[in-house]
Structure formats: structure tokens, C-alpha cells
Amino acid sequence: MISSYNRNGVGDTLMIMTGNSVFSEQNSETKGNVTRIFKEETKETVGYNFFTISELIKIEGKGSITLSADQVARLNEHLLSVGFDEQLEADEEPKFVVGDVKECKPHPNSDHLSITQIEIDDQQVVQIVCGASNIAAGQKVVVAKVGAMMPNGLVIWDGELRGEPSHGMVCSAKELGIEAETTKKGILVLDENAVTGSAFKTK
């Protein structure tokens, strides 16, 4: 579940994404002050817009936000009250974490991509295809996990690059909005003592 809020940009509206979709395949229905967004063909829910959200819960910050379990419970109560049966699941895990590059090898179908195996947390290792020339085994890097929303609004989903699965993204300083480091090309390489799996703050 990906949540975002920008009162100055779009008004007092909480936008929640629960699945990946493109605009051309979407439809919507509104009940009360909630709009459900779904795939027209499958009817799968891919998101909700909660309008006048400040009347329901208090939101701190803007852009990508993490909702507490209590806030999600309140949203679920509201969904039922306006006539929607589906429920949201709270997700308070950090989406930007320190990753440990365990393996890095050239992509067989590309002259510039690398296939990496990166430990992100709880000894979980994910495969990420990376296009940075400075990626190497043994590095500590910043990983945007599946479900992360980048500072520019891009959402990270499971994907495939040149036939190889990719589950997340290795981030550059520019992509993270770290102005002091944006002149450096390639991914942001962290100190070797950075703790694997720990949250990396982008703001």
C-alpha cells in the first residue's frame, strides 16, 4: 500500500495505491467522499482517493507518507461506512533501506546493465537489475523496495529488464533528492559500516 498527500498540490486528498495499473485501463466509483479506482477488465482495486481527509485523520508531512495501524483502521471503518467492503492493510516497514550488494554480474542481454543480488533486511536477498556503471559487489547502497515512492513521484514495482526480473531499484543521490551529492554520477555508495536493512531517510 502506497500513500501520498500534498495539500498544496492536489488539495486535502489522501491518495492510496494498492496495485499497479495504467490510466487507460482504469475506471472508478465514488461513495461519499471516497473514490475507488479499479481495473475495468478485472475489477481489481488499485487505489482509493479519500477527499477532505483532514476531517477523518491527521496527516503529517507531504509526498509519500507512512500511515500508522491506527490510521489505517480508521480508514477501514470509513470505507465500510460509505459502502465499500474491501479493507486496507497497514504497512509501516521502511521502503528505502541500506542494501548489501552480495553479487554483481553483467547482464547477458545488455552492454551496460548489471544483475545484482542484494541483501535488504532479515537476510532477504532480492535481484535488482541496475544500470549504474559504478555498482559493484561488496558495496552498501540505498535500495528503494517494491512499493517505494520516489521524491519525484515515481512508484517502484516489480519489473523486468531485458528478460531479467528486477525487484526494487538501487538509487543515486539525485534520485533521492540529496542535493549535496547530485554532481556525482552513478548510484550513491554508503559507508561500509552502514547497517544492512536499516531505514534510509530521504528527507
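The values are calculated or read from the model by the stated rules, or taken from the named source; none is laboratory data. None of these values were measured; they are calculated from a predicted model. Positions of Cβ are generated from backbone atoms using ideal geometry, with glycine treated the same way; all protein chains shown enter the neighbour counts. Accessible surface is based on the protein model in full, side chains and every heavy atom, while ligands, DNA and RNA are left aside. Shrake-Rupley method; radii C 1.70, N 1.55, O 1.52, S 1.80 Å.
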Can you find a residue in the stretch 94-106 that is modelled with pLDDT under 95, under 20 Å from ILE2 (Cα atoms), within 20 Å of the chain's Cα centre (by Cα) and part of a loop (DSSP other than H, G, I, E, B)? yes
Take the residues in the stretch 19-50 that are over 22 Å from the mean Cα position of the chain (by Cα) and closer than 20 Å to ASN6 by Cβ; name whichever of them is least open to solvent (accessible area, probe 1.4 Å). VAL34
State all residues of the stretch 103-150 that are open to solvent by 80 Å² or more (accessible area, probe 1.4 Å) and not acidic (Asp, Glu); if no residue qualifies, say none. LYS105, PRO106, PRO108, ASN109, HIS112, GLN123, GLN124, SER133
Which one is nearest to ASP158 (Cα to Cα), of the residues in the stretch 17-52 that are among the aromatic types (Phe, Trp, Tyr) and in a strand (DSSP E or B)? PHE38
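Filter the stretch 51-67 down to the residues that are open to solvent by 40 Å² or more (accessible area, probe 1.4 Å) and closer than 27 Å to PHE96 by Cα and list them by number. Before you say what the answer is, go through the steps one by one.
Kept after step one, since they are open to solvent by 40 Å² or more (accessible area, probe 1.4 Å), are these residues of the stretch 51-67: 51-52, 54-55, 58, 60-62, 64, 66.
SER54, LYS58, GLU60, GLY61, LYS62, SER64, THR66 - these are the residues of the stretch 51-67 that are open to solvent by 40 Å² or more (accessible area, probe 1.4 Å) and closer than 27 Å to PHE96 by Cα.
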Just one of the numbered conditions (1) in contact with a strand residue (DSSP E or B) (Cβ under 7 Å, 6 or more places away or on another chain); (2) of a type outside the set (Lys, Arg); (3) free of Cβ contacts under 8 Å to residues at least 40 places away in the same chain is not true of ILE135; which one? (3)
Exactly one of VAL146, VAL170 is in contact (Cβ under 8 Å) with a residue 40 or more places away in the chain and aliphatic (A, V, I, L, M), and that one is VAL170
